[in-house]
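Have a look at the structure below, then the notes.
The values are calculated or read from the model by the stated rules, or taken from the named source; none is laboratory data. This is a predicted model, so every value here is computed, not measured. A quick note on method: Cβ atoms are made from the backbone with ideal geometry, for glycine too, and the neighbour counts reach across all protein chains shown. These accessible areas exclude ligands, DNA and RNA; they are computed on the full protein's heavy atoms, side chains included. Shrake-Rupley method; radii C 1.70, N 1.55, O 1.52, S 1.80 Å.
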Amino acid sequence: MQEVCIIGNGVAGSTLALNLSASAQFKVHLISEEADYFFSRTALMYVYMGHLTLKQTEPYERGVWNDSPINRIRGRVTALNRTNKQLKIEKYLSGTLLLNYDILVIATGSKPRFLDWPNTHLKGVSGLYHLTDLEKIESYTQSHKHCKNALVVGGGLIGVELAEMLHSRKIDVKMLIREPLFWSSVLPDSDALLVQKHLESRGVEVVANTEVKGFLTHDGKRVSGVELSDNSQLEAQFVGVSIGVQPHISFLEESGLELNQGILVNEHLQTSEKSIFAIGDCAELRQSDPKRRALEAVWYVARQMADALSKHLIDGPFTYVQGHWFNSAKFFDLEYQTYGQVSNLAKRKNSEQHFHWHNTKMTKGLTLAYEAHSRLFLGVNAFGIRLKQSVFEHWLDQSASIDTVVEQLETAHFDTEFSKNYTKELKHAFVSNNS
Amino acid sequence: MLSYQTTASQRAFTFLGLLGILLLFASGVGQSLAVPSSVLTGSALSLIALAILGYTYASYAPYNSGVKNNANAIKSLTQRGVWAYVSALALTAFYVVLYFFDAYLEPMIRGFDSISQSLSGKPATQWFVYGALYTLAILLFGVKFIVKYRHSRYQVIRTLSVMFFQLIFAFLLPEFMARLNGDLPYYDLKSMWPLNYYLFDGYYIESFVSAQSLGIGLLLFGVLSIFVISPILTYKFGKRWYCSWVCGCGGLAETAGDAFRHLSDNSIRSWKLERWMIHSILVLITLSTVGVVHSYLLEHPEDYWISPSVFILTVVSLLVAVIALIYFKRRAWIAKEAKTAMIIVGVLLAGFTGMHFLSDTYHVFLIPSHSLRSVYGFFVGSIFSGVIGTGFYPLLGNRVWCRFGCPMAAILGLQQKLFSKFQITTNSGQCISCGNCSAYCEMGIDVRAYAQKAEPIKRASCVGCGICAEVCPRGVLRLENTANPNIQA
């Protein structure tokens, strides 16, 4: 029996632990500094908003863990000894533990990125990633009387989550973004505009072309606002920071493992050390699919990596393949799904054409990307429309043409029953666009 | 945790509603004040209506349409706080008085006389008052539900449907029918056996028969409903056609109970309990109904063409036919559920056989047949469906009765699990395991457990309310009637 130590009980670590524990070959130790039970990080916003209790965000009933042979350890890994294959763990509330492994899997995820700003330590400044971030945000924004104005620095998906959370407590929110339009670092302008309009319709002001120079304080303890690069100041009792995340790997700096931004791994998710693997947000692929990134901090990717590594460890060599990109999000009430590649303005090549449609109220929108000459379908962004992933994967696999996709769009329909059918209007627009 | 602040207008309308309820119960006092009690009742009901509609307006009008569950997991009323216990106690007390101490309600009942007279030409009874309040609750909270989910046409249409069936079929039609033909018993056309467990009771059959062709037609419709109509509709649409589109119990749960749907326990333990309870009740009601009909036939050997033995034989043949169908079409399911299914079928067959040998005119298994029925009526009909089923909304969620007690849901559930094109489809690997679907499932189904494995959800208990698909932030779930019923999930 092989001793497997997994550091981190997020979606990557927990999925792997459950998969491996089903096989008699392994004794699994699952180490977490953050929480006793795996919870859904993407649902932290719903805990703050009061849609769910923290326990309801746990993807598996506690009995599943308690009845499993997995040895769960609450503690912080402080040292990794590669020669002796040993971890040093500071256990939560109860001293030090030395643990030997045959296989080590690092799944420590990310942490919010901060720039070299002055005063980031102030009370009232927080990212949103860790469970303790949620506790901090809760205490900083406890009462509407003390927190009337909040700022969110940076756009992106976590930024919108923060904005929606604060907005639900009737706190006035402004989003400060570097780009000219919301999330135009990823979305084409047509889509970025659609989302920005939606945010504004929900009462969130998006302040574009803005960079933050530092945080302000009156008493040296609590934040009182931010200073912008044009030296103007904005008042706020809470500042959420969401300019991105970075791999949470600082404890490995002395370990001798090959690191770049993340932990470098090969196609088997193996690090520079044979017995050590890395999965999830903290793993950086040495060779990635040209259409994909080497470092992808996404829930789905973490889960897929965990499934791939399970197969590799249980049944022998298995290669992690990135496949077609997909992702989803929700901007307040506007759902977003994407399959394949839709480039933003900066990355878009001349050969990539976009067909964009939205309804007059801008509550539904669709952008289809395709190659100008071959008419090869490249990808889709959908807003306020639900599309079937399996159908789009099929089209991408088959190198379907944009014309096929538009013609057969109904087969990918995934909206709730009785929803208004938008395809007629969309097809009409597509035909007049092409003639 | 931050205590959730309701707005001033929400508080004002809540106060108004409580005032209306107080006035309703105090309407007896009016007689001593020489105010006609119908005037007091009318004002009380108007006040309640105004309060619910006003509360709805104050809660949803200022905001854009979309999922509105803010602070549900924090508020005292919706997270088993003090207000939840107070409301549960009040509701439970109301049911206890209604069922067992209705004399106390007498002054209040008189206040409904004029409404009852105008509908059926008879004075109000406690059941008329209950029906009127029940219908009012579904209509008013139905409006609240529609406003809350106004962005979803499925939810709007479904809610209009339950409001329609409650108002017309459960409330108005039986009253009109009573006016047309005084011999007809109260009969809600959409309420089938075994939910309507007294359908085949002797006195009920007799009053149908004495109402001649219309009555016999209705009785026949009752038999067709459960044996022909419901299997066909469940095959095409799943049990939702009944449970969340037509049924009155479901109607109240969906509308008045909406705020409590997240309180349903979705642990594996409660799922086990649910299956044992609901199927035991189904066995109990089947045995007792067959027993009641059997002794009725023994009692009236000359009046009917069917003899008690032929009747038992027919029931046993029907059961054998169903078992044969399951055996030949759904062997995989039998392999999984064999033990439980064997016990159920065994108990039923032993019951029917025993009935044949151990019953006489007044006894089933040597137990007086009427007492078997009254025990069921008391524990299941009154205590479970009313006192616990509705009274405990704020503590156990809004579908306790439908989930643990309703024998109709049990039958439709078996049909849905074994022979239906309905399922909830998962959009491949898009689930982020957030838990909204499982938390807001009123039937306590752990929807996420399937969604995060990218599996479709085919559960006997699913009533197809569609809220999981509404609250999913990633558009992962879709209710569909296009599944292959031969593939068992």
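Is it the case that some residue within the range A:179-194 is touching a strand residue (DSSP E or B) at 6+ places or on another chain (Cβ under 7 Å), under 30 Å from residue A:367 (Cα atoms) and aromatic (Phe, Trp, Tyr)?
Yes, the range A:179-194 has at least one match.
Considering each residue of the range A:101-118, count those that are modelled with pLDDT of 95 or more and surrounded by fewer than 13 Cβ atoms within 10 Å (Cβ to Cβ), and give that number.
0
Only one of (1) touching a helix residue (DSSP H, G or I) at 6+ places or on another chain (Cβ under 9 Å); (2) modelled with pLDDT of 90 or more fails for residue B:192. Which number is that?
It is condition (2) that residue B:192 fails.
List the residue pairs whose Cβ atoms are under 8 Å apart, where the first residue sits in the range B:34-47 and is touching a residue at least 24 places away in the same chain (Cβ under 8 Å) and under 18 Å from residue B:105 (Cβ atoms), the second is among the basic types (Lys, Arg) and open to solvent by 40 Å² or more (accessible area, probe 1.4 Å), and the two are 6 or more positions apart or on different chains.
B:37/B:110
Give just the number: which of (1) closer than 30 Å to residue B:345 by Cβ; (2) at pLDDT below 95; (3) in contact with a helix residue (DSSP H, G or I) (Cβ under 7 Å, 6 or more places away or on another chain) does residue B:444 not satisfy?
For residue B:444, the exception is condition (2).
Would you be able to tell me the number of residues in the range A:42-65 that are more than 7 Å from every other protein chain (Cβ to nearest Cβ) and buried (at least 21 other Cβ atoms within 10 Å of the Cβ)?
Residues flagged as more than 7 Å from every other protein chain (Cβ to nearest Cβ) and buried (at least 21 other Cβ atoms within 10 Å of the Cβ) within the range A:42-65 amount to 5.
Examine the range A:271-284 for a residue that is aromatic (Phe, Trp, Tyr), open to solvent by less than 50 Å² (accessible area, probe 1.4 Å), more than 30 Å from residue A:203 (Cα to Cα) and in a loop (DSSP other than H, G, I, E, B), and state whether such a residue exists.
Looking through the range A:271-284, none of the residues is aromatic (Phe, Trp, Tyr), open to solvent by less than 50 Å² (accessible area, probe 1.4 Å), more than 30 Å from residue A:203 (Cα to Cα) and in a loop (DSSP other than H, G, I, E, B).
Among the residues of the range B:74-102, which ones are within 24 Å of residue B:178 (Cα to Cα) and without any contact (Cβ under 8 Å) to a residue 60 or more places away in the chain?
B:102
Could you list all residues from the range B:234-274 that are out of contact with any Leu (no Cβ under 9 Å at 6 or more places or on another chain) and open to solvent by 30 Å² or more (accessible area, probe 1.4 Å)?
Residues satisfying the conditions are B:235, B:236, B:237, B:245, B:266, B:268, B:269, B:271, B:272, B:273.
Conditions (1) of a type in the set (Gly, Ala, Ser); (2) in a strand (DSSP E or B); (3) without any contact (Cβ under 8 Å) to a residue 24 or more places away in the chain; (4) crowded, with 24+ Cβ neighbours inside 10 Å, marked per residue:
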residue	(1), (2), (3), (4)
A:234	no, yes, no, no
A:239	no, yes, no, yes
A:255	yes, no, no, no
A:287	no, no, yes, no
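What tally of residues in the range B:456-470 results from selecting those that are within 9 Å of chain A (Cβ to nearest Cβ) and either open to solvent by 10 Å² or more (accessible area, probe 1.4 Å) or more than 25 Å from residue B:253 (Cα to Cα) (or both)?
Residues in the range B:456-470 being within 9 Å of chain A (Cβ to nearest Cβ) and either open to solvent by 10 Å² or more (accessible area, probe 1.4 Å) or more than 25 Å from residue B:253 (Cα to Cα) (or both): 1 in total.
Only residues in the range A:385-413 that are touching a residue at least 60 places away in the same chain (Cβ under 8 Å) count as the first member; pair them with residues that are surrounded by fewer than 20 Cβ atoms within 10 Å (Cβ to Cβ) and among the acidic types (Asp, Glu), Cβ under 8 angstrom, at least 6 apart or cross-chain, and list the lot.
none
Of everything in the range B:417-444, what is among the β-branched types (Val, Ile, Thr) and either surrounded by fewer than 24 Cβ atoms within 10 Å (Cβ to Cβ) or within 11 Å of residue B:477 (Cα to Cα) (or both)? Give them in sequence order.
Selection gives B:424, B:425, B:426.
Yes or no: residue A:267 modelled with pLDDT under 95, in a loop (DSSP other than H, G, I, E, B) and either assigned by TED's automatic domain parsing to the domain that holds residue A:154 or among the acidic types (Asp, Glu) (or both)?
Judged against the criteria, residue A:267 is not a match.
Name the helices (runs of 4 or more DSSP H) wholly within the range B:322-416 that hold at least 1 residues that are in the same structural domain as residue B:291 (by TED's automatic domain parsing), open to solvent by 20 Å² or more (accessible area, probe 1.4 Å) and at pLDDT below 85?
Passing ranges, in order: B:331-358, B:369-376.
Can we say residue A:30 is crowded, with 18+ Cβ neighbours inside 10 Å, at pLDDT below 95 and away from chain B (no Cβ under 14 Å)?
no
Do you know which residues across the range A:182-200 are outside any helix (DSSP H, G or I) and open to solvent by 30 Å² or more (accessible area, probe 1.4 Å)?
Correct list: A:183, A:185, A:186.
Please verify whether the range A:66-87 includes one or more residues that are part of a helix (DSSP H, G or I), open to solvent by 20 Å² or more (accessible area, probe 1.4 Å) and under 16 Å from residue A:35 (Cα atoms).
Within the range A:66-87 (the criterion being part of a helix (DSSP H, G or I), open to solvent by 20 Å² or more (accessible area, probe 1.4 Å) and under 16 Å from residue A:35 (Cα atoms)), the answer is yes, since at least one residue qualifies.
Suppose we keep only residues that are surrounded by 15 or more Cβ atoms within 10 Å (Cβ to Cβ) and within 14 Å of chain B (Cβ to nearest Cβ) within the range A:406-435. Which one would you say is farthest from residue A:382 (Cα to Cα)?
A:417
If the requirement is being surrounded by 17 or more Cβ atoms within 10 Å (Cβ to Cβ), assigned to a loop (DSSP other than H, G, I, E, B) and more than 14 Å from chain A (Cβ to nearest Cβ), which of these qualifies: B:88, B:124?
Result: B:124 is the single residue among B:88, B:124 that is surrounded by 17 or more Cβ atoms within 10 Å (Cβ to Cβ), assigned to a loop (DSSP other than H, G, I, E, B) and more than 14 Å from chain A (Cβ to nearest Cβ).
Search the range B:31-84 for residues being in contact with a Lys or Arg (Cβ under 7 Å, 6 or more places away or on another chain) and either assigned to a helix (DSSP H, G or I) or more than 14 Å from every other protein chain (Cβ to nearest Cβ) (or both), and hand back the single one that is modelled with the lowest pLDDT.
Checked the range B:31-84; the qualifying residue modelled with the lowest pLDDT is B:37.
Can you name the residue in the range A:115-146 that is under 28 Å from residue A:269 (Cβ atoms) and not hydroxyl-bearing (Ser, Thr, Tyr) and is also farthest from the other protein chains (Cβ to nearest Cβ) among such residues?
Taking the candidates together, the pick is A:127.
Any idea which of (1) of a type outside the set (Ser, Thr, Tyr); (2) within 13 Å of another protein chain (Cβ to nearest Cβ); (3) open to solvent by 30 Å² or more (accessible area, probe 1.4 Å) is the one residue A:392 doesn't satisfy?
For residue A:392, the failing item is (3).
I'd like the full set of residues that are within 18 Å of the chain's Cα centre (by Cα) and either among the β-branched types (Val, Ile, Thr) or assigned to a helix (DSSP H, G or I) (or both), limited to the range A:49-60.
The answer is A:57, and nothing else.
Could you please find all residues in the range A:297-319 being in contact with an Asp or Glu (Cβ under 6 Å, 6 or more places away or on another chain) and either closer than 16 Å to residue A:284 by Cβ or surrounded by 22 or more Cβ atoms within 10 Å (Cβ to Cβ) (or both)?
A:297
For residue A:245, are the conditions met, namely being open to solvent by 30 Å² or more (accessible area, probe 1.4 Å) and hydrophobic (A, V, I, L, M, F, W, C)?
yes
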